[in-house]
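Have a look at the structure below, then the notes.
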Protein chains: 2
Amino acid sequence: MSERPLMVIPQPTLKRLVVYHQWLKQLQERGRDVVSCTVLARDFKLDATQIRKDLEIAGIAGTPRVGYRIDAVIASIESLLGWTNVNDAFLAGVGNLGAALLGYERFTRQGVNIIAAFDLDPAKIGTKIHGKPVFSLTKMAPLAQRMKIKIGILTVPAPAAQTVADLMIAGGIEAIWNFAPTALQVPEPIVVESVSLASSFAVLLNQLQHQRHKTT
Amino acid sequence: MSERPLMVIPQPTLKRLVVYHQWLKQLQERGRDVVSCTVLARDFKLDATQIRKDLEIAGIAGTPRVGYRIDAVIASIESLLGWTNVNDAFLAGVGNLGAALLGYERFTRQGVNIIAAFDLDPAKIGTKIHGKPVFSLTKMAPLAQRMKIKIGILTVPAPAAQTVADLMIAGGIEAIWNFAPTALQVPEPIVVESVSLASSFAVLLNQLQHQRHKTT
């Protein structure tokens with residue numbers, strides 16, 4: 001794991017860096033080598049100062065009158081985000097979403113390597129899904145401990161989420177990526193980052209309703 | 001669709017309201033009727049004033065010395081988020097993630113009703129996945145227009161995302177829920193909300209690295 005970031009990078013900055021990365025990749029595929037802050041600002045409808053500041057946090061400086069070398073910016077962002085190292089992870093809960101994440105090939109390019117999955121369903125235990133072995137949930141904590149796994153991906157139904165999170169923590173897991181639609185209670189220094197589809201859809205719906213009131 | 005929110009509710013507030021909702025549902029299942037702001041603040045490690053302010057935005061007031069009636073708060077949040085109405089949506093891209101979303105039963109309780117899916121793969125066209133019919137992508141725009149669908153869920157691979165988003169907009173879709181790992185360019189007044197797994201994992205990894213530096 002990269003040792004670079006000594007400080008917590010603000011979440012909005014991290015999220016913008018990922019978006020810049022996606023866009024720069026597209027520009028690169030179209031054969032572009034350099035890009036100016038002004039062009040980026042226009043594409044993202046953001047302030048050029050904002051972008052310059054975000055890239056500064058990532059340790060990236062542009063050249064006056066030239067702009068940013070796209071390959072250098074991409075490499076710096078990937079290093080900052082920890083994508084240049086691969087972090088082994090366990091996944092608990094092989095339902096529809098869990099299985100889909102096991103098959104998400106892009107993860108390995110973004111620093112995540114799911115090495116095993118865990119479930120309670122006897123029909124799933126012992127099988128492989130998208131090439132990843134599925135073990136009994138009862139084996140998760142001892143295996144995590146033995147293999148020194150620090151990242152757990154939680155894709156179990158909401159009522160089971162707290163129990164399974166506790167199992168992860170018992171196995172020495174320090175960071176939980178939570179897809180279960182529920183609030184987890186974890187002790188310090190365990191970190192939790194939740195992907196809330198409900199929140200995201202609520203944001204979309206609220207913006208849509210706002211647009212309609214503006215235009216009608 | 002609910003006509004209540006005339007203004008854009010700040011995204012952090014919306015996201016917290018969804019978390020409060022999840023937590024209050026859990027308290028309710030344990031037989032609780034009322035909850036005080038102080039208890040909520042303790043459970044969420046948030047400031048009580050913050051919670052009171054969020055609930056005020058949702059039009060919810062507590063009773064001094066009693067607190068909030070849990071059922072009333074849940075109902076108000078659901079109404080504000082638009083969950084009491086169901087919004088028909090089309091989904092484009094029936095890969096692993098798209099198929100998982102088609103099977104996500106919780107969506108109907110959160111205001112989303114996916115009524116059809118679209119793909120280019122002849123092996124998928126004409127089938128049903130989790131009970132939802134899959135049609136050819138070429139039929140998406142005319143069908144959206146005829147059925148007055150306003151919400152599109154984009155789960156195609158990144159290189160196809162812009163083209164498929166353009167098709168959605170051509171069909172009269174006004175809000176795109178984007179799961180493709182790419183930045184979309186859309187005209188006003190189209191709204192886009194992206195679920196970026198890469199950003200979310202970057203946040204988790206950054207917090208984990210920060211915790212390690214603190215404790216070592």
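Just checking the output field for B:146-152: average partner chain Cβ neighbours within 10 Å of each residue's Cβ? Let's see the in-between values first.
Values: counts 0, 0, 0, 0, 2, 4, 0.
Average per residue, whole number: 1.
With respect to the cross-link table entries A:LYS15/A:LYS124; B:LYS25/B:LYS45; A:LYS132/B:LYS139; A:LYS45/B:LYS214; A:LYS45/B:LYS150; B:LYS128/B:LYS150, which display a Cα-Cα separation exceeding 26 Å? Spell out each step's value before the answer.
Numbers: A:LYS15/A:LYS124 35 Å; B:LYS25/B:LYS45 18 Å; A:LYS132/B:LYS139 36 Å; A:LYS45/B:LYS214 36 Å; A:LYS45/B:LYS150 24 Å; B:LYS128/B:LYS150 22 Å.
In this structure, A:LYS15/A:LYS124; A:LYS132/B:LYS139; A:LYS45/B:LYS214 exceed 26 Å between Cα atoms.
What's the average, rounded to a whole number, of partner chain beta-carbon atoms within 10 Å of each residue's beta-carbon in A:51-64? Provide the component values of the computation, followed by the final result.
Values: counts 0, 0, 0, 0, 0, 0, 0, 0, 0, 0, 0, 0, 0, 0.
Whole-number average of other-chain Cβ neighbours for A:51-64 is 0.
Rg and Dmax of chain A, Cα atoms, in Å?
20.2, 63
So in the protein assembly as shown, what percent of DSSP beta bridges are antiparallel if you round to the nearest 5?
Working: 10 of 52 bridges.
So the antiparallel bridges amount to about 20 percent of the total.
At 7 angstrom along the Cα-to-beta-carbon line, where would the label on A:ASP88 sit relative to the other copies? Give the distances in nm, shortest first.
5.0
Please sort A:72-78, A:87-93 by packing, taking for each peptide the average over its residues of neighbouring beta carbons within 10 angstrom, highest first. Spell out each step's value before the answer.
Numbers: A:72-78: 18.6, A:87-93: 23.4.
Highest mean packing first, the order is A:87-93, A:72-78.
Calculate the mean, over all residues of peptide A:181-194, of how many other protein chain Cβ atoms lie within 10 angstrom of the residue's Cβ.
On the way: counts 9, 5, 11, 0, 4, 0, 0, 3, 7, 3, 9, 2, 10, 6.
Going residue by residue through A:181-194 and averaging, the value is 5.
Using only the alpha-carbon atoms, how far is helix B:70-80 inclined from the longest principal axis of chain B? Give it as 0 to 90 degrees, nearest 10.
Approximately 40 degrees, to the nearest ten.
Copy-to-copy spacing for B:PRO64, label 7 Å out on the Cα-to-C-beta vector, in nm, shortest first?
The projected label point of B:PRO64 is separated from its counterparts by 6.3 nm.
So what are the three principal axis dimensions of the protein assembly as shown from its Cα atoms, in whole Å, longest to shortest?
Per principal axis, max minus min of the Cα coordinates gives 63, 57, 47 Å.
Can you give the alpha-carbon Rg of region B:87-198 over 2.2 N^0.38 Å, where N counts its residues? Let's see the in-between values first.
Values: Rg = 12.6 Å, N = 112, 2.2 N^0.38 = 13.2 Å.
Ratio of Rg to 2.2 N^0.38 Å for region B:87-198: 0.95.
Starting from a label point 7 Å past Cα on the Cβ side, list the distances from B:GLN185 to the same position in the other copies, nm, shortest first.
5.0
Among B:SER136, B:ALA117, B:SER196, which residue has its Cα positioned farthest towards the positive end of the charge dipole of chain B, with +1 placed on the Cβ of Lys and Arg, -1 on the Cβ of Asp and Glu, and the dipole taken about the Cα centre?
Farthest towards the positive pole: B:SER196.
Can you work out which chain A residue has the shortest Cβ-to-axis distance for the rotation that carries A onto B, and give it in Å?
Output: A:ALA100, 2.
Throughout, read-outs are computed from the coordinates displayed, never taken from laboratory work. These numbers come from a predicted model, not from an experiment. Don't worry about glycine lacking a Cβ; one is built from the backbone with ideal geometry, like all the others, and counts go over all protein chains shown.
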